[in-house]
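Below you'll find the structure, written out as structure tokens, and then a few comments.
Read-outs: derived from the displayed coordinates by stated rules, not from any lab. In this text, all values refer to a predicted model and were calculated from it rather than measured experimentally. Neighbour counts run over all protein chains shown; Cβ positions are idealised from the backbone, glycine included.
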Amino acid sequence: MPTTHTVDVAVIGAGTAGLAAYRAAIATKKRAVVIESGPYGTTCARVGCMPSKLLLAAAEAAQHARHAGPLGVHATVHVDGREVMDRVKRERDRFVGFVLEGVDAIPAADKLRGHARFVSPGVLAVGDARIQAGAVVIATGSSPVVPPIFDGLGDRRVVNDDVFAWDTLPASVAVFGAGVIGLELGQALARLGVRVHVFGRNGGVGGLKDPEVRHAALAAFRRELVLDPDARVKSVALVEGEVEVRFGEDSVESFAYALVAAGRSPNVADLGLENAGVRLDEQGVPVYDAMTLQCGDSPIFLAGDANDDLPLLHEAADDGKIAGENAARYPKVVPGKRRSRLAIVFTEPQLAAIGTPFRDLPADVVTGEVDFEGQGRSRVMLQNRGLLHVYADRKTGRFLGAELVGPRAEHLAHLLAWAHQQALTLEAMLAMPFYHPVVEEGLRTALRDAQAKLDRE
Ligand SMILES: Cc1cc2nc3c(=O)[nH]c(=O)nc-3n(C[C@H](O)[C@H](O)[C@H](O)COP(=O)(O)OP(=O)(O)OC[C@H]3O[C@@H](n4cnc5c(N)ncnc54)[C@H](O)[C@@H]3O)c2cc1C
């Protein structure tokens, strides 16, 4: 007879969303368990946000030292791949350590190890054990999509997880995918002296949707990176221990590794969802409400990357809290508080998207712009590449959103997201202080441009 645990809330996945859900559920004094089949530590800390930013930090140092000549500063750069990877892993382990301390603090009775599957609505199987749960939070994260064209490459085919396990840097890498992960890792490796070719698809660059901003981003990256956003890859094969890529008319290039960064998909395939009593969309992901995270009117909630919405760390944490609270109070679910959309890519120049997605902007939108080419502080720093578009409602002057490629975009993006969440108008934003000389003056130029267009109407 399998052991049966009866709980109020069962959380599947001890990543960022799952841990937040578990904590939110126990904060309401309900009995909850968190089930994990893989290593503890979260995707963000182990193989995501943190190690990628660590690799980018080394790359940025190399790049700036190498290109300080026009400032009159001349340096000879030597990149030691072992030292680079050693720091990436050491610091990564430090961040993972903090997560593990949090997991250690969870009572043993609340932690189950193993793969969870629905055997019926409200009943999960984990190995030999059965969990009878009043409500379930699915927080199983996402995994890299690896299309069949990459079959047959053996250990020459890698994904982000593998890169952060390298002891040193390889000589060459073909990066497949010009999305967020492909661009961040591709640029980092190239700047660290690895021969890199980024093969994109369908013209996409880092998730940007505004064609002019995307064009500006492409131009900026192409100054230093071999990047084809619409590569026609014909075949990828293992030839004499190397990855041979055939592309374009008749080009052939060989690489030590193929890094597949072709998108991620929610980990929902092996959950036994057919037994869960929930409706699935065409991708097999449960249909859910973005505000309550509830799947239909069932006691099942979907949080983090598993819901295939905004695969971002802060969204996973917010999702987890909302899902955990609603699971604990089921059936009295309430909409959670959502923040303005904010997405950042940590390349150089950085990319960001804020507020209303470009494709959802109303037809009568006003666009203000600044080209960073002539922006004072950006020129001072020799980082004057990029374009910012701000969008505002023509009738009310309300700031609706922005897309940008440019220096210090992570900081500009925060200012813009905060303004968006406060529902500020251009006028109110322009009434805020701007110091001199700062990159934010570029933002002011874009806001003034949009305001002038409104005033002319
Ligand atoms: C290379 C990279 C860079 C990134 N950089 C950033 C960044 O800079 N900023 C940002 O905001 N976001 C970034 N992200 C995205 C961010 O890491 C994710 O959005 C976030 O980690 C998702 O958290 P999660 O809790 O949904 O999933 P996870 O942390 O992946 O947790 C899911 C857990 O569920 C477990 N699991 C799965 N199935 C089962 C099952 N059936 N039973 C039991 N356990 C199961 C898994 O083992 C896993 O531990 C990056 C991602 C990657 C890959």
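Some points to look at:
- Of the chymotrypsin sites (Phe, Trp or Tyr not before Pro) found in the stretch 136-204, not one falls in a DSSP loop while having at most 15 other beta-carbon atoms within 10 Å.
- Point-to-point label distance, ALA108-THR6, nm (Cα→Cβ direction, 7 Å offset): 2.4 nm
- 3J(HN,Hα) couplings calculated from phi for the stretch 152-165 with the Karplus curve 6.51 cos²θ - 1.76 cosθ + 1.60 (θ = phi - 60°) are, in sequence order, x, 8, x, 7, 7, 8, 10, 10, 3, 3, 5, 4, 7, 9 Hz; Gly and Pro show x.
- Evaluated at q = 0.19 Å⁻¹: base-10 log I(q)/I(0), Debye formula over Cα of the stretch 92-137: -0.72
- Alpha-carbon centroids, the stretch 360-382 and the stretch 186-200: separation in whole Å: 27 Å
- Each pair of Cα atoms in the stretch 148-262 enters the Kirkwood radius, and Stokes-Einstein at 37 °C and 0.692 mPa s then converts it into a translational diffusion coefficient of 232 µm²/s.
- Close Lys pairs in the chain, defined as Cα atoms under 30 Å apart and 8 or more places apart or on different chains, number 26.
- Scanning residues 5 or more positions from ARG394 or on other chains, those with amide H under 5 Å from its amide H are VAL366, with H placed 1.01 Å from N in the peptide plane.
- Label-zone membership for the stretch 187-205, site VAL73, 7 angstrom Cα→C-beta point, backbone N under 19 Å: 191-192
- Cβ-defined net charge surrounding SER172, 12 Å radius [Lys, Arg +1; Asp, Glu -1]: -1
- Sum of side-chain charges, TYR435 neighbourhood, beta-carbon under 14 Å (Lys, Arg +1; Asp, Glu -1): +1
- Distant-in-sequence amide contacts of ARG264, defined by a placed amide H-H separation under 5 Å and a gap of 5 or more residues or a different chain, comprise VAL145.
- Extension reserve of the ALA431-THR292 stretch, reckoned as 0.36 nm per residue once the Cα distance is removed: 46.4 nm
- Distant-in-sequence amide contacts of ARG31, defined by a placed amide H-H separation under 5 Å and a gap of 5 or more residues or a different chain, comprise ASP8, VAL9.
- Net length gained if the chain between VAL365 and ARG456 were fully extended (0.36 nm per residue, minus Cα distance): 31.4 nm
- The Cα trace of the stretch 342-455 gives Rg and Dmax of 12.9, 38 Å, the first to one decimal, the second as a whole number.
- Counting neighbouring Cβ atoms within 10 Å and putting the fewest first, the residues HIS197, HIS414, HIS64 line up as HIS414, HIS64, HIS197.
- For CYS49, CYS44, CYS295, order by how many other beta-carbon atoms lie within 10 Å, fewest first: CYS49, CYS44, CYS295
- At most 14 other Cβ within 10 Å, DSSP loop - trypsin sites (Lys or Arg not before Pro), the stretch 279-347: ARG279, LYS332, LYS337, ARG338, ARG339
- Here is what passes the span test in the chain: the DSSP H helices with alpha carbon length of 20 Å or more along the helix axis and a Kyte-Doolittle mean of 0.0 or above are 49-66.
- Placing +1 on the Cβ of every Lys and Arg and -1 on the Cβ of every Asp and Glu, with nothing else charged, gives the stretch 91-189 a dipole about its Cα centre of roughly 360 debye.
- When the P(r) of the chain is calculated, the portion above 35 Å amounts to 39% of the C-alpha pairs.
- Backbone N within the stretch 25-55 under 18 Å of label point (7 Å from ARG329 Cα along the Cβ vector): 25-32
- Order by protection proxy (mean Cβ within 10 Å, highest first), peptides 311-317, 427-433, 377-383, 342-348: 342-348, 311-317, 377-383, 427-433
- Qualifying GluC sites (Glu not before Pro) for the stretch 211-254 [loop in DSSP, other Cβ within 10 Å: at most 15]: GLU224, GLU240, GLU249
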